[in-house]
């Protein structure tokens with residue numbers, strides 16, 4: 001049976017991009033990395049292409065994170081963030097709100113164990129339980145339980161952060 005890159009690309013591209021986005025939190029970078037995944041698929045013609053692209057995507061995202069850490073070590077951090085003016089446009093406010101929500105989700109995801117985070121992100125990317133099991137090395141029967149626990153932990157982490165933020169707001173008003 002011939003390798004069908006076109007079919008694989010059409011059926012999984014958006015899921016791979018979403019998966020990568022949740023790893024690198026940059027839409028443009030996620031698309032670039034997804035292209036790299038499919039270029040590698042073209043070169044390797046894997047037997048189990050759907051599982052293979054997600055395994056490669058996870059590896060590429062891990063490499064990207066390592067590179068980002070190295071780049072940050074070489075950057076000079078700004079001492080002061082610019083203060084938004086009251087006349088700031090609605091688009092800017094919406095973008096800042098979206099960035100804030102993304103940062104909250106990232107912080108909540110960071111509280112999960114690597115296994116829980118991986119299972120949750122693979123599920124969110126649209127992989128079926130057998131594919132997640134193959135990717136993670138877990139038994140198919142353990143995927144549902146792992147997902148349920150990961151979701152509970154994610155919600156609890158988010159709730160804790162929300163409570164802390166509310167406590168800070170209340171203290172600031174007093």
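Stretched out straight at 0.36 nm per residue, the stretch from residue 161 to residue 28 would grow longer than its current Cα-Cα span by 45.1 nm. In the chain, helical runs assigned H by DSSP with n ≥ 4 each contribute -39500 (n - 2.57); averaged across all residues and rounded to the nearest 500, the mean residue ellipticity at 222 nm is -27000 deg cm²/dmol.
Short-range pairs are left out: with C-alpha atoms under 8 Å and at least six residues apart, the relative contact order of the chain is 21 percent. Rounded to the nearest 10 degrees, the inclination of helix 27-44 to the longest alpha-carbon principal axis of the chain is 10 degrees.
Available extension along the chain between residue 148 and residue 43 is 34.1 nm, counting 0.36 nm per residue and deducting the alpha carbon span. Length gained on full extension, residue 62 to residue 93: 8.0 nm, using 0.36 nm per residue less the C-alpha separation. Quick one: Cα centre-to-centre distance for region 112-171 and region 29-67, in angstrom? Here the answer is 22 Å between Cα centres.
Values quoted throughout were computed directly from the atomic coordinates according to the rules given, and no laboratory measurement underlies them. No experiment lies behind these values; they were computed from the predicted model shown.
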